[in-house]
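Notes follow the structure.
The values are calculated or read from the model by the stated rules, or taken from the named source; none is laboratory data. Given the structure is predicted, the values throughout are model-derived calculations rather than measurements. Quick reminder, even Gly has a Cβ in these numbers, built from the backbone with ideal geometry, and neighbours come from all protein chains shown.
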Amino acid sequence: MAAGVAAWLPFARAAAIGWMPVASTPMPIPPQDRRKPQDGLIILNVSGTRFQTWRNTLERYPDTLLGSTERDFFFHEETNEYFFDRDPDIFRHILNFYRTGKLHYPRQECISAYDEELAFFGIIPEIIGDCCYEEYKDRRRENAERLQDDEDMDMSNDVTPVNLTFREYLWRAFENPHSSTLALVFYYVTGFFIAISVMANVVETVPCGTLPNRSKEISCGERYALAFFCLDTACVMIFTVEYLLRLIAAPSRYKFMKSVMSVIDVVAIMPYYIGLVMTDNDQLSGAFVTLRVFRVFRIFKFSRHSAGLRILGYTLKSCASELGFLLFSLTMAIIIFATVMFYAEKGSPASKFTSIPAAFWYTIVTMTTLGYGDMVPKTIVGKVFGSICSLSGVLVIALPVPVIVSNFSRIYHQSQRAEKRRAQRKTRLARIRAAKIRGTNAYMRYKQNGLLIDTLKEASKEAGRALIGKAANPPFESQHHHLLHCLEKTTNHEFVDEQTFQANCMEISAVHKSGSRSSSLSSSPHGLSSCCSRRHRKKNSFSLPSTNNQELSTIQIRERPVVNSRSSLNAKLDETMPLKCEEAYITPSMVSLSAPVMISSDGDGSTTTTAYSQSIVRVSAL
Amino acid sequence: MMTAFWETEGLQTLGIVVLVFASIKLLHLMGLISFSEDSVEDELELSAVRHRPEGLEQLEAQTRFSRKELQILYRGFKNECPSGVVNEETFKEIYSQFFPQGDASTYAHFLFNAFDTDHNGSVSFEDFVMGLSILLRGTVQEKLNWAFNLYDINKDGYITKEEMLDIMKAIYDMMGKCTYPMLKEETPRQHVEVFFQKMDKNKDGVVTIDEFIDCCQNDENIMRSMHLFESVL
């Protein structure tokens, strides 16, 4: 029930007195108004813009933020108003919802911002009024598609080649020629051969001069039959191989065989094989000649190479109803005009309009404004109707064409946008990654800085830089870094930056290849892949991959002398062992250290918790 | 030979006639010529009637509402009807929103007539507030008077069985289809019979205002229910 009508409820209840004399049974007791709520003004301060409304207006919808006691959380005593730190422009619409009972969606707002505000104020979007609902749904769908696109892009590009089987690799190569150089080469070679094959088909029929003992011209195909046959064979072999490879690589063979492109492939190569089979049978050679027509379908194989062609095909498919309408209206008009022309020209002598179907040809030629002139009306009436026919033809054909054109344009622009997003995706990801790296670098500096601040000794130039930086650190940053530090302490692991980590991965693989150690190493192929690909995964687990802790730690220490110097200087962390850069020194200490740790981490591969009171194993996490 | 000639001639004439008609129709469609004299398109209706109510003091004097109550009432009224008057359509729409299950339009029609005391087709705020004043703050006599006025559709001072049947059907319509027990065709009629048995003292087939008021005052249920909605505002 619209909120505005709620104001009329007292009236409706009063009017119920009209039923009383008629009623035969006593009426129920009316509900008691527990308290008469004071109908006072409420001030809502949204980022400085003051909105005021009656308390009753807000309480019409008690299951939203403003209508329930939840708004008390935002009450600001000093100014005796409710303060919300949100967007005032969108809030306007939300408040209007309380007033009028209708929620509108402003077209110029971003859909995600609007959704967020609705969610914040506890309003479900489904109650958007009819006037704005379509627009809202459209925008929402577009947004979802965009997000879905991004996700798909992520998913498809994130699977590293290492994990793919040969079959999947092949399929990826076929579907996405830019994925590897081999795929690209294959792409261009097939394109080249398609072009060659089509041109051969065309040139085959060109007259090529006469044989010495014949007066008739023969086509090139007959003159150089062998050459053309060889060319054809080569092309067909390439196409067959390609088709078979695609068939093998396809994830779902049945679906692949049903797809349009595979049908085109088959139709393109079939005539050759059929021709091979039936060369000696004269009776069927007529049919065979007809089959050669299908060789022209090879030109459709280009649609794999051209996005525009695919878009055209898709457009025609999606405009099927408009095309159908065009065809239907044309047919109607053709029949009408053909009949009229036939009867109009019936009287004229030697007229070409011998029957209505014969008149069809005239009508089609006239309506499409071709005007061959092989059939013309001779009587006046015939000419009159002929002119009406050509005028209406122009109109009938011109009407559905813009619809098809606009459809094509829309689909084309959509694909352009998708391409652009794909291209921009790389830069976007780079931006995001750069921001993350800035964050981690800031944290690194903080760590060095925070632990050095006790001493005046400047052991490294980073410290100097960091000292200067510390003064400029806002409290938010320092609290964030403190938090990360606490996490490190909890897990006994440390954050490192990406280069170091990648170097570790390479080291791990090197160590694995050298093949020393124990059973724990044997699990490291998985560990290697999980270690290196972990940066692709989205989860932020800090558990170590199931590689050998010792190995990693030794390598780790070798790479980061800074850490050692810092840790040795830090008197607070008394649980650290003095670690130095030399490997020989480290290894035995690591061994002794890690022994207790290994016990605790046996089985789940994570090196957290119990041992940290005794020692810290500096292992790379992330 | 001659027939062939006449055939072509006839076809030619026909063709020319068709052409002429088609061109006239085309011109008519394009608006260059018009056939009928009164083919003027409908003039825009006069801008919506706007009505401003009398001042607050006057209404306060005329009704039994306090100033604050009048303010609240007017705000709700104006929210739903910005132009200041309610016409029957809007009235029916508003009233139907309270009874989504059934069809409240017939009863709303009767209600509208009851509120529209000056019978000018629209209910202004004064009419609205006067009616409400009687219903919510009036004496029992006044309320019963108002009810009688509601039932008496043609305002002739008598309630006939047909009028009562109309009212009863309107009330039952508001219930809608899904009721328990099932609504039957003759339920309103039966109810009217019961009503008339109670109200029509001299059995003359009509109920006058005195019979009505008398009978209601003697009925405890009705008396009690008259006071039900007093605390509505």
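Observations on the structure shown:
- Filtered by the rule that a residue be more than 23 Å from B:Asp173 (Cβ to Cβ) and touching a residue at least 40 places away in the same chain (Cβ under 8 Å), the stretch B:86-124 gives B:Ser122, B:Ser124.
- The selection criterion, being under 23 Å from the mean Cα position of the chain (by Cα) and farther than 26 Å from B:Phe98 by Cα, holds for B:Ile159.
- Single match in A:Val340, A:Val365, A:Val376 (criterion: in contact with a helix residue (DSSP H, G or I) (Cβ under 7 Å, 6 or more places away or on another chain) and surrounded by 15 or more Cβ atoms within 10 Å (Cβ to Cβ)): A:Val340
- So B:Met182, is it among the hydrophobic types (A, V, I, L, M, F, W, C), surrounded by fewer than 21 Cβ atoms within 10 Å (Cβ to Cβ), free of Cβ contacts under 8 Å to residues at least 40 places away in the same chain and more than 20 Å from B:Ile222 (Cα to Cα): yes
- Given (1) β-branched (Val, Ile, Thr); (2) buried (at least 21 other Cβ atoms within 10 Å of the Cβ); (3) more than 12 Å from chain A (Cβ to nearest Cβ), index of the condition B:Thr208 fails: (2)
- Pairing each residue of the stretch A:309-338 that is within 22 Å of A:Thr369 (Cβ to Cβ) with any residue that is outside any helix (DSSP H, G or I), provided the two are 6+ apart or on different chains, yields no C-beta distance under 6 Å.
- Selected residue (only one of B:Thr106, B:Thr117, B:Thr139 is under 22 Å from B:Leu228 (Cα atoms) and polar (S, T, N, Q)): B:Thr139
- All positions within the stretch A:210-239 that are part of a helix (DSSP H, G or I), within 20 Å of A:Val289 (Cα to Cα) and not aliphatic (A, V, I, L, M): A:Cys220, A:Gly221, A:Glu222, A:Arg223, A:Phe228, A:Phe229, A:Cys230, A:Asp232, A:Thr233, A:Cys235
- The single residue among B:Leu150, B:Leu183, B:Leu132, B:Leu165 that is within 30 Å of B:Arg75 (Cβ to Cβ), out of contact with any Gly (no Cβ under 7 Å at 6 or more places or on another chain) and of a type outside the set (Ser, Thr, Tyr) turns out to be B:Leu132.
- When the residues of the stretch A:16-47 are filtered to those that are modelled with pLDDT of 75 or more and within 55 Å of the chain's Cα centre (by Cα), the one that is farthest from the other protein chains (Cβ to nearest Cβ) is A:Ser47.
- Boolean, A:Lys383 is in a helix (DSSP H, G or I), under 30 Å from A:Ile269 (Cα atoms) and of a type in the set (Lys, Arg): no
- Exactly one residue out of A:Lys383, A:Lys346 is surrounded by fewer than 21 Cβ atoms within 10 Å (Cβ to Cβ), at pLDDT below 90 and not β-branched (Val, Ile, Thr): that is A:Lys346.
- Residue-level check: of (1) closer than 20 Å to A:Leu103 by Cβ; (2) at pLDDT below 80; (3) part of a loop (DSSP other than H, G, I, E, B), A:Val5 misses just (3).
- Listed by position, the helices (runs of 4 or more DSSP H) contained in the stretch A:293-374 that have at least 3 residues being within 14 Å of chain B (Cβ to nearest Cβ) are A:320-345.
- Taking the stretch A:60-175 as the region of interest, the helices (runs of 4 or more DSSP H) fully inside it that hold 2 or more residues being touching a residue at least 60 places away in the same chain (Cβ under 8 Å) and surrounded by 12 or more Cβ atoms within 10 Å (Cβ to Cβ) are A:88-100, A:130-158, A:166-175.
- Output for the stretch A:243-266, where each listed residue is touching a Lys or Arg at 6+ places or on another chain (Cβ under 9 Å) and under 22 Å from A:Val198 (Cα atoms): A:Met261, A:Ser262, A:Ile264, A:Asp265
- Subset of the stretch A:71-106 (residues that are more than 14 Å from chain B (Cβ to nearest Cβ) and either on the phi > 0 side of the Ramachandran plot or touching a Cys at 6+ places or on another chain (Cβ under 9 Å) (or both)): A:Asn80, A:Leu103, A:His104, A:Tyr105, A:Pro106
- So B:Leu44, is it at pLDDT 65 or above and of a type in the set (A, V, I, L, M, F, W, C): no
- Taken together, the residues in the stretch A:375-388 that are touching a Pro at 6+ places or on another chain (Cβ under 8 Å) and more than 9 Å from every other protein chain (Cβ to nearest Cβ) amount to 2.
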